[in-house]
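Scroll down for the structure; my scribbles are underneath it.
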Amino acid sequence: MISALTHGNEICGAHALAFLFEANIRPLRGRLTLLFASVAAHAAGRPARPEPARYLDEDFNRLWSESILQGPRQSRELARARALKTVIDSADYLLDLHSMQDPGLALALTGVTEKGKRLAAAMGYPEYLIADAGHAAGPRMRDYGDFALAESAKTALLIECGQHAEPMAKEVAIESALRFLAALGMIAPETLHRLSRHGAPERQRRIAVTAAVTVRDESFAFAARYLCLDIVPKARHDDRKGRRAARPHPLRRLRPRDAGRGAAAGRDRRSPRPFSRLSRTAGGQGPCHARGGAAT
Ligand SMILES: [Zn+2]
């Protein structure tokens, strides 16, 4: 399954699904489900803002646990999630395509299980793989049910394709979708070669989320202007009274050998082997432990 519009204002995934329809993609194996998730939020927008809304009542991507889905709460997003539940339950692999509010490079959020990292390595794309445990505000579709269980083969990957309005986000979403399908053997390597819009990175880099720092009130401000993936040698954050509120946790880049054997061996990244074959050989020892996550 490939999911677009999980957030109604993040349209890169919808462009990717339109591309797959226009290319008349038919899976060589299995069943391919293309999901436009928050179509109502995308269509409606909010009265004060003409552009598409991220959601109508609550974040669609914070609802994905049985206790929430089967609980008493009601919202338009919960109604949509409940309607889609059986479809998502039936998916063995999920690629969830998002975009970001701020400019930044594409990021694959693999989760902390090895299977998520193996799928991203099999795709050979994008360059940066973030191992994060989930979102404190509620479970994402990527972390729903068997997707989060190490002992299950079901695998989900969330890709942040770039800033919402950035044209490159659409290209990243298309490339991600094609490489996801190729990694699973659902399209032929020749099809990927023919349709691929840009090459894969020389190597992938893994970043572990070791702690999450959450904004607690509107007094928050960055000490300087930071860009996504900036390296901060000695990071810390302070509360409003200037007291140090968390121990330093500088960004740590992991060695490239941890980001998939394919990259280390100089394999042609445009021809990823089927994931089922690669998964037996790419059991990398990802030293990734994570808590918390970003607003995805
Ligand atoms: Zn999103």
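Please treat every number below as a calculation from the coordinates, not as lab data. Treat the numbers as computed from the prediction; the structure is a model and nothing was measured. Glycine also receives a Cβ, built like all others from the backbone with ideal geometry; neighbour counts cover every protein chain displayed.
Can you figure out the FRET efficiency of Glu51 with Ser75, using R₀ = 25 Å and their beta-carbon distance, to the nearest 0.05?
So the FRET efficiency works out to roughly 0.75.
Gain in length, Ala136 to Glu66, computed as 0.36 nm per residue apart minus the alpha-carbon separation, to one decimal in nm?
Taking 0.36 nm per residue and subtracting the Cα distance, the gain is 23.6 nm.
Going out from 0 in 5 Å bins, what whole percent of all Cα-Cα distances in region 1-43 drops into each bin?
Taking every Cα pair in region 1-43, the percentages come to 6, 25, 27, 23, 12, 6, 2.
Over 26 Å between Cα atoms: which of Lys85/Lys115; Lys85/Lys154; Lys115/Lys234 fall into that group?
From Lys85/Lys115; Lys85/Lys154; Lys115/Lys234, over 26 Å: Lys115/Lys234.
If I stretch the segment between Val213 and Leu149 completely, what's the gain in nm (0.36 nm per residue apart, minus their alpha carbon distance), one decimal?
Going from the current span to full extension adds 20.5 nm.
Of the peptides 205-217, 143-155, how do they stack up when ordered by the mean number of other Cβ atoms within 10 Å, highest first?
Highest to lowest by the protection proxy: 143-155, 205-217.
Specify, per residue and in Å³, the volume enclosed by the convex hull of the alpha carbon atoms belonging to region 108-171.
So the per-residue hull volume is 93 Å³.
Which of rounded, prolate or oblate describes region 135-229 when judged by the alpha-carbon gyration tensor and an a/c cut-off of 1.5?
Oblate shape, in that a/c is at least 1.5 and b/c is the bigger or equal ratio.
Quick one: which of 89-95, 5-11, 188-194 comes out on top by average Cβ neighbours within 10 Å, and what's the full order, highest first?
5-11, 89-95, 188-194
Mind listing the Cα extents of region 1-87 along all three principal axes, in Å, largest one first?
Taking the Cα atoms of region 1-87, the three principal extents are 41, 34, 14 Å.
What ranking do 101-112, 19-30 get when scored by the average of other Cβ atoms within 10 Å per residue, highest first?
Answer by packing, highest mean first, reads 101-112, 19-30.
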